[in-house]
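J.: I have a structure I would like to understand better, so I am pasting it below and will then ask my questions one at a time.
Laboratory data are not the source of any read-out in this text; all were calculated from the coordinates shown. Since the model is a prediction, treat every value here as computed from it, not as a measurement. All Cβ positions, even for glycine, are placed from backbone atoms using ideal geometry, and neighbour counts span all protein chains on display.
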Amino acid sequence: MFRTRKFVRIAVPVALGGLALGAALGTPSLASAQSPTLPTVTTSQLVTDVLSTKPAPLSGTVVASASLLGSLSSLSSQLPGGVSLPGGTATVNVWVGASRQFRAQILNSSSERDLYVNGSAAWLWNSSSNQAIELVPSSTAQSSTVSPAMATYDPQVEATNLLKALAPTTSISLGTNTYVGGRPAYVLRLTPLDHNSLFGYVDIYVDASTSQVLGVDVVASDGTQALSVKFSGVTFAAPDPNVFVFTPPATASVKKEVLPSTTTMSGSTVPSSSTPSSSSPSTSPLSSLQGVKFTPYGHGWSTVAVSSSGAYSSLIAGLSTKDPQAVGLLKGALQSVSTPFGEGKFLSTPLVDVLVLPNGTILAGSVNQTELLADASLVVG
C-alpha cells in the first residue's frame, strides 16, 4: 500500500538492467553445462567493477527475446497485417568501436536493417525499402561534456550509495557463475522484497575478465521469462573502422530526419509513500497514454500510475478515432473484476497489471491485483 511502501524509484533497480541493455542485445550461449570456477567477489565489489568499467570495443551477435504479454499474445492472430504485439525473438549483430562508433544490424533471409553511428554521422538503412535516413542532430541539441560531478566520480562511493538505496526494497545477491556468449560470467541477482511485485528477479551477467555487462534476464513472479537480452557470442577487440562507414547506394531513396534535442534529468528527493511521486506527469514514463494523464504513486518496483476519474472513456474515445480495431482488442482483453466500488475491469500481463474502476479511473503498475485494489481504496476512498 502507498502508506507502507518506502521504495526508491523504479528507475534505480532498472538502471542496472539499463546498463545491460546498452551493452548487449542477445540470448545466452550454452557454451558449457558446468559453472566456471571464478575468483570470489562480493556484491559490492562486483557493482563497483561494473560502474568503473568504460565501454570496450567489441563485435558480437546477440539475441533479444521477450514475452511481455503472456496469454494476451494469442491476440496477435486478430491484428491487421503489418501490426504486431511486443514479443518474439530478434537477432542483432553489434559492433562497438572508438568513441561514437556503433553499428547494429538485423538480418533476415532477404534483407537487412542497420543503424550506423560514426562520429557525427548517423544513418538508418533498410535494404527492403531501399531507403536511407540520415539522422541529423537538432540545432538545440546539447553537446556531450563531462560535468563537474562526473569529474569527481568515484565508482566505490557510487556502488555503496546504490546498494544503500536498493536495500530497503531489493535483495541483492550473487547467483551461480555461468557462461554468456562463451565467456565466464558472474551473476548479480536483484529480487524485489515486496511480495506483491510482478517482478520475480532480474539477473545481470558480468564478464569475469572485463567487467562488461553481457546481458540481462527479467523473470516475472510467476516464473515467466519476460525479457532476455544477452550476447550469444562476443569478441572484445576493435572492429575494422570500415564497418562503421555507410554510403547510400546510388539507387536508394535518401532523406534527413532531425533528432530531438536531449534533456538532462536531475535527481529529486524521494517523497513519502503516502504522496504522489515527485516526478511530474510531463516527465514521468507513466505520464500519458492517448492523451490521458497519469500520476505515479509509490516508489521502486511497486510504483503505480493512477489516472483521474473518467480516463478510461477518454482513452477508448481517443483510440476509436485512430484504431477502432485496437479498441476491440483492448475490450476483449479486459476481464470483469469485483471491486469495493462495483464491477471494474482488469488486464494482466507478466510484468504489468491494469485495473479500471467503475468511475473510469485507471491504475497500472508492476504489482498484482491485490495491491492495485488496495491502492484503489487509498486513491478513491
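J.: If packing is taken as the average number of other Cβ atoms within 10 Å across a peptide's residues, how do 170-179, 368-377, 39-48 rank, most packed first?
T.: Final packing ranking: 368-377, 170-179, 39-48.
J.: Among all the lysines, which ones have a C-alpha under 27 Å from Lys54's C-alpha, if same-chain residues fewer than 8 places away are not counted?
T.: Leaving aside lysines fewer than 8 places away in the same chain, those within reach of Lys54 are Lys164, Lys230.
J.: Any aspartates and glutamates with Cα under 17 Å of the Lys331 Cα? List them, leaving off those in the same chain fewer than 8 positions away.
T.: Excluding near neighbours in sequence, the set is Asp323, Glu343, Asp353.
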